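S.K.: Here it is, the structure in full.
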Amino acid sequence: MIYLELFLTFFRIGLFTIGGGYAMIPMIRQDVISQGWITEAQLLVYFAISESTPGPFAINIATFVGMEQAGVLGAITAVLGVVAPTVIIIMIISIFIDKFLKNQYFKFALTGIKAVVVGLIFAVAISISYQALFPEEAGNREIDWIILIIIIVNLILSRFKKIKQPVLLILISALLGIILYSLANWLT
């Protein structure tokens, strides 16, 4: 039964989220946490790993959640669920692409959808930033100054063209995390 639940949950996530992996985050959070499959803390870790590893964000998240729930077969089931709607929709659109591109209502709908995508991504950015800056440990939310330092360093470094590469920023952030958390651990 868990395989059907994984497939249907991720199928719905894949079907009703437009704008890529980041636009899926609110639905992933709602559906996966509400079913008790993972905790908010685990989801944040999965977000960080999914962003740092190769492959589409949604597929990585589906893989982690599926693996957590039902092993390798669960991971495969969740991935198939999240990918299936895209494959089906793209196949349908490819048949009628000329008609879609000429239809002004389709163009208007896409323009309207852009606003939702921007809003969802913005809301996710605020939510993840808050949870990263104020991690909930033992019911006490205090600012994580190391995360704030890493965010500020990334904002500064991302202004330089040669350092603006995401892979380089991820590596610099990982290195800063190792150094700063080790130093903080050593000082306490």
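The values are calculated or read from the model by the stated rules, or taken from the named source; none is laboratory data. All figures in this text were calculated on a predicted structure; none of them were measured in a lab. No Cβ is skipped: glycine too gets one built from the backbone with ideal geometry, and neighbour counts run over all protein chains shown. Each accessible area value is taken on the protein alone, full model and side chains, heavy atoms only, with ligands, DNA and RNA left out. Shrake-Rupley method; radii C 1.70, N 1.55, O 1.52, S 1.80 Å.
S.K.: Go through the stretch 141-173 residue by residue and tally those that are among the aliphatic types (A, V, I, L, M), within 17 Å of Leu44 (Cβ to Cβ) and either surrounded by fewer than 11 Cβ atoms within 10 Å (Cβ to Cβ) or without any contact (Cβ under 8 Å) to a residue 60 or more places away in the chain (or both).
M.R.: So the count comes out to 6.
S.K.: If I filter the stretch 77-99 down to residues being closer than 16 Å to Trp37 by Cα and among the hydrophobic types (A, V, I, L, M, F, W, C), which single residue comes out as least open to solvent (accessible area, probe 1.4 Å)?
M.R.: It comes out as Ala78.
S.K.: Taking helices (runs of 4 or more DSSP H) that do not extend beyond the stretch 19-123, which have at least 2 residues that are modelled with pLDDT of 85 or more and within 30 Å of Leu175 (Cβ to Cβ)?
M.R.: Where helices (runs of 4 or more DSSP H) fall fully within the stretch 19-123 and carry at least 2 residues being modelled with pLDDT of 85 or more and within 30 Å of Leu175 (Cβ to Cβ), they are 40-52, 57-95.
S.K.: Condition check: in contact (Cβ under 8 Å) with a residue 60 or more places away in the chain and of a type in the set (D, E, K, R). Does Glu68 satisfy that?
M.R.: When the stated conditions are applied, Glu68 does not pass them.
S.K.: Shifting gears a bit: Output the residues belonging to the stretch 156-188 that are closer than 21 Å to Phe134 by Cα and either basic (Lys, Arg) or under 20 Å from the mean Cα position of the chain (by Cα) (or both).
M.R.: Ile170, Ser173, Ala174
S.K.: Within the stretch 6-18, can you find the residues that are open to solvent by 70 Å² or more (accessible area, probe 1.4 Å) and either assigned to a helix (DSSP H, G or I) or touching a Phe, Trp or Tyr at 6+ places or on another chain (Cβ under 7 Å) (or both)?
M.R.: Once the filter is applied, which keeps residues that are open to solvent by 70 Å² or more (accessible area, probe 1.4 Å) and either assigned to a helix (DSSP H, G or I) or touching a Phe, Trp or Tyr at 6+ places or on another chain (Cβ under 7 Å) (or both), the stretch 6-18 yields Leu8, Arg12, Phe16.
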